[in-house]
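Worksheet for the structure shown next.
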There are 4 protein chains.
Amino acid sequence: MKKAEWQHDEKTRCTVDVEVRYAETDQMGIVHHANYIVWFELARTALCEKSGFHYSEIERLGYFLIVTRVEVRYGQPARYGETVQVDCWLERLTSRGLRFAYRVHHGDTSLASGATEHLWCVAETGKPCRTPEVLREPFARLAGRPE
Amino acid sequence: MKKAEWQHDEKTRCTVDVEVRYAETDQMGIVHHANYIVWFELARTALCEKSGFHYSEIERLGYFLIVTRVEVRYGQPARYGETVQVDCWLERLTSRGLRFAYRVHHGDTSLASGATEHLWCVAETGKPCRTPEVLREPFARLAGRPE
Amino acid sequence: MKKAEWQHDEKTRCTVDVEVRYAETDQMGIVHHANYIVWFELARTALCEKSGFHYSEIERLGYFLIVTRVEVRYGQPARYGETVQVDCWLERLTSRGLRFAYRVHHGDTSLASGATEHLWCVAETGKPCRTPEVLREPFARLAGRPE
Amino acid sequence: MKKAEWQHDEKTRCTVDVEVRYAETDQMGIVHHANYIVWFELARTALCEKSGFHYSEIERLGYFLIVTRVEVRYGQPARYGETVQVDCWLERLTSRGLRFAYRVHHGDTSLASGATEHLWCVAETGKPCRTPEVLREPFARLAGRPE
């Protein structure tokens, strides 16, 4: 297989617009830092949907994607009145989990970047499991590589 | 039955202290109004616990207490650095639901008052139901009257 | 003046799409009731913008629109995976404040309805004031009537 | 100076009890991961207060402590009905900022650990600055070392 086939392509990146909510600001006059984690989730939902399965369908299949790690580095603050963009891509795929990366920006201004790590879990038992069979190929595609 | 037996007594009122969280403020420099709904819930949880059943146990029994109505009137604002008090009491009890009333204050300063209305529901089906048998007497006591 | 001129027209109603966030759900499997207050605010922001002034500009002019009352009646629950619609219109306009009404729906299914009441306030002093001169005509138009 | 004088002592660690809020759960039946960031802030507020300055007083002095980085590693989930403990300590102190570390646990069960990094900022200009003179000694003491 040629290396080019493994490179990230258009299908593996997702950008969502997020309008800053007044309730998301704090008394510093900027968006409170915890909200970026929720914005990451919006972009992750949109990216997962590109696998062909909305995350709500994944849960109906009996699986959860639990969060094991979150990292955020903050740049310029986001403010009420702005609509920001959140990019998300699947940075790493393992047999039992994955790592998403994120960038939040307002046009050319970088507001934050970060990552979340997740493990697949059987909803009924709460136990970690291997990537569900039906989701392997769709997520491998998201990661920009053939299974 | 004598009227006195129906009057509200000490058991039917609950007050919780809530420390204002920085994340609860908004760019107006005060607590965002949506958070009072969450504070009401903290006081309601504490009041329900006086029935002998923590609300998490009620859910384990297979019931939900869904919210059908919320009302809040706002007075002076709450601010970061303050610990406020939230009073809750069971204002009305019907065969299928209840109405809780609330008062939020900071010492003698009134910050808000309000009410929430709820219906009992079977968790599995999501259908409204009569007050679960096992909870009738405990909630009647909360309401300050014998069943 | 003819009565028809006072009737609400297209300019005075605003509808925003809100994608349900995973973080907005609770362990009942539905959107937690406090989030509707935040959704109302999104629709109110969009409606205010139709006055020609984004609410962030109104604050820059030195005014706040403080919340004095909130009411919500809940119907069918909203769920993760759905995009709901929130309608907002200016129900009442007084010399010092206003009342917005809201309807949240998912297609034809009614999820909630409600209202919020507000007073104009001078940002620097926190004191209530009459509707700022510059905003009278724009908000009168939103209310569907000539000043 | 003897090494013992530099070791962390009782004054530099703070533990707060946090009662899980129903609104903090999500449809997975556990506390949504973004809330831990808010819990960290509660413990940080309590720790800062041990400096002799509540964080709200620091802001009144004209300074902000902006967040530049957040990291969380998640262990067992927290659930409604539980009261968890959040430990916080000042892990690192530099001339312009600091790093707090956190551990969230429920008795002996570890729920999460993490860190936040911050820079001092002049509130009026939003520009980073050196640790405000008046806060140097108090925060050095929090860090368990003499200035």
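FYI, it's all coordinate maths here, none of it is from the lab. Here the structure is a predicted model, which means the values were calculated and not measured. Ideal geometry is used to build each Cβ from the backbone, glycine not excepted, and the neighbour counts take in all protein chains shown.
Values as computed for the structure displayed
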| quantity | calculated |
| --- | --- |
| Dmax and Rg, reported as Rg then Dmax, of the stretch B:95-147 (C-alpha, Å) | 14.8, 45 |
| Set of the stretch A:78-117 residues, backbone N closer than 12 Å to the point 7 Å along the Cα-Cβ line of C:Glu19 | A:85-88 |
| Modelled FRET efficiency - R0 25 Å, D:Arg96 with A:Glu82, Cβ distances, 0.05 increments | 0.40 |
| Relative contact order of chain A, defined on C-alpha pairs under 8 angstrom at six or more residues apart (%) | 29 |
| The stretch C:47-147: trypsin sites (Lys or Arg not before Pro) in DSSP coil with no more than 14 other Cβ atoms inside 10 Å | C:Arg96, C:Arg130 |
| Cβ-Cβ FRET estimate between A:Thr125 and C:Glu137, R0 fixed at 45 Å, reported to 0.05 | 0.10 |
| Virtual spin-label span in nm between D:Arg60 and C:Glu49, 7 Å along Cα→Cβ | 3.8 |
| Separation of alpha-carbon centers, the stretch D:24-96 and the stretch A:9-54, rounded to whole Å | 21 |
| Counted charge near D:Thr25, where neighbours are those whose Cβ lies closer than 9 Å (Asp, Glu -1; Lys, Arg +1) | -1 |
| Average partner coverage of C:65-78, which counts Cβ from other chains inside 10 Å | 5 |
| Shielding by other protein chains, B:36-44, mean Cβ within 10 Å | 4 |
| Computed over chain C, Kirkwood Rh from alpha-carbon pairs, angstrom | 16.2 |
| Volume in Å³ per residue [convex hull over Cα atoms, computed for the protein assembly as shown] | 198 |
